[in-house]
1. Filter segment 275-294 for residues that are open to solvent by less than 10 Å² (accessible area, probe 1.4 Å) and under 22 Å from residue 103 (Cα atoms) and give the result.
2. Give me a count of the residues in segment 226-252 that are assigned to a helix (DSSP H, G or I) and either of a type in the set (Gly, Ala, Ser) or touching a strand residue (DSSP E or B) at 6+ places or on another chain (Cβ under 7 Å) (or both).
3. Would you say residue 163 is open to solvent by 50 Å² or more (accessible area, probe 1.4 Å) and modelled with pLDDT under 95?
4. Out of the residues in segment 106-135 meeting the condition of being charged (D, E, K, R) and under 16 Å from residue 269 (Cβ atoms), tell me which one is surrounded by the fewest Cβ atoms within 10 Å (Cβ to Cβ).
5. Are any residues in segment 32-65 open to solvent by 10 Å² or more (accessible area, probe 1.4 Å), in contact with a helix residue (DSSP H, G or I) (Cβ under 9 Å, 6 or more places away or on another chain) and either among the basic types (Lys, Arg) or more than 22 Å from residue 118 (Cα to Cα) (or both), and if so, which ones?
6. Which residue is farthest from residue 125 (Cα to Cα), if the candidates are limited to segment 83-105 and must be of a type outside the set (Gly, Ala, Ser) and surrounded by fewer than 22 Cβ atoms within 10 Å (Cβ to Cβ)?
7. How many residues does segment 143-161 hold that are of a type outside the set (Phe, Trp, Tyr) and part of a helix (DSSP H, G or I)?
8. Quick one: which of 244, 219, 211 is in contact with a His (Cβ under 8 Å, 6 or more places away or on another chain) and of a type in the set (Gly, Ala, Ser)?
Amino acid sequence: MTNIDSLFPGFEARWIDGPVGKIFARVGGEGPPVVLIHGFPQTHAEWHEMAGELAKTHTVVCPDLRGYGWSAAPHGDGGKALYTKRGMGEDIVAAMSALGFNRFAVIGHDRGARVAYRLALDYPDRIHRLVPLDIVPTGSYWEQADKNFALGTFHWGFLAQPNGLPEKMIGADPDYWLDWIIRHWAQDMAAFPDDIMAEYKRCFRRPEVIAATCADYRAGATVDVSHDLADLKTGRMIECPTLAFYSGVFVDDERDPLKQWQRWAKKVAAERVNSGHFIPEEIPDQIVGKLRQFLLA
């Protein structure tokens, strides 16, 4: 382990068997369970500012997604199954079952938010509160693709390219890629101290992690979209109360995020916040009280 441990005081480090390999998670606190799922290109460490506060009232579980951080990163299959959000969600369900939790809330950021809402759709009996941070559903996002999407969200298409192209290019200088991405999407780099950036880079340098993140985005451009559109066609919706925060970086008022979420969720509210894309690290104090209130309602 690294000095990142010190940022999660009172949390236990756990390695849990998942469907395709070990999942790393930190577990702390007491009370109703809530899972915090990180985004790209980060790890569970993105929750270091919020996990302790939420642990005052909840049992908090912070996993590394399949293919990210310290979790297993099995070789991808072109995005057909291993790195779909449905597949990644299976790891979360397995981990929570192993920890003794059959019903829980889930807060997700970025790619983690896509896993989170897929969990709410696929396991309505297990998810009782959902908080997606800075996304709209994948199917909706691709539907709205335009020039702004192509320029501001260029990585969606780039990382989804086949035959190892993005892996080769990112692998030439993974530190530069990760640093550029975070600086480009953040509003306040003061939220990213040196030890956190060093940890993100250390994990992201692994070739298998680079490959897994590309497989994640390939799934996001193919099978994940099919899953979303199938839900729309059959009328299956998120049943649990949902609270969506968005920053304006990738999701802004022009996209009408509340309207988009209402296509997939029956009981949803949306709120814009003054932040860069990395809401959990940039404005934790502004949202943690709202999150606790929503989770305990």
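The values are calculated or read from the model by the stated rules, or taken from the named source; none is laboratory data. All figures in this text were calculated on a predicted structure; none of them were measured in a lab. Note: ideal-geometry Cβ built from the backbone for every residue, glycine included; neighbour counts use all protein chains shown. Side chains are part of the model used for accessible areas, which takes the heavy atoms of the whole protein and leaves out ligands, DNA and RNA. Shrake-Rupley method; radii C 1.70, N 1.55, O 1.52, S 1.80 Å.
1. Within segment 275-294, 291 is the sole residue that qualifies.
2. 2
3. It is true that residue 163 is open to solvent by 50 Å² or more (accessible area, probe 1.4 Å) and modelled with pLDDT under 95.
4. Among those residues, the one meeting the criterion is 129.
5. 48, 49, 52, 53, 56, 57
6. 99
7. First pass over segment 143-161, keeping only residues of a type outside the set (Phe, Trp, Tyr): 143-148, 150-153, 155, 157, 159-161.
Now drop any that are not part of a helix (DSSP H, G or I), which leaves 143, 147-148, 150-152, 155, 157, 159.
Number of matching residues: 9.
8. Result: 211 is the single residue among 244, 219, 211 that is in contact with a His (Cβ under 8 Å, 6 or more places away or on another chain) and of a type in the set (Gly, Ala, Ser).
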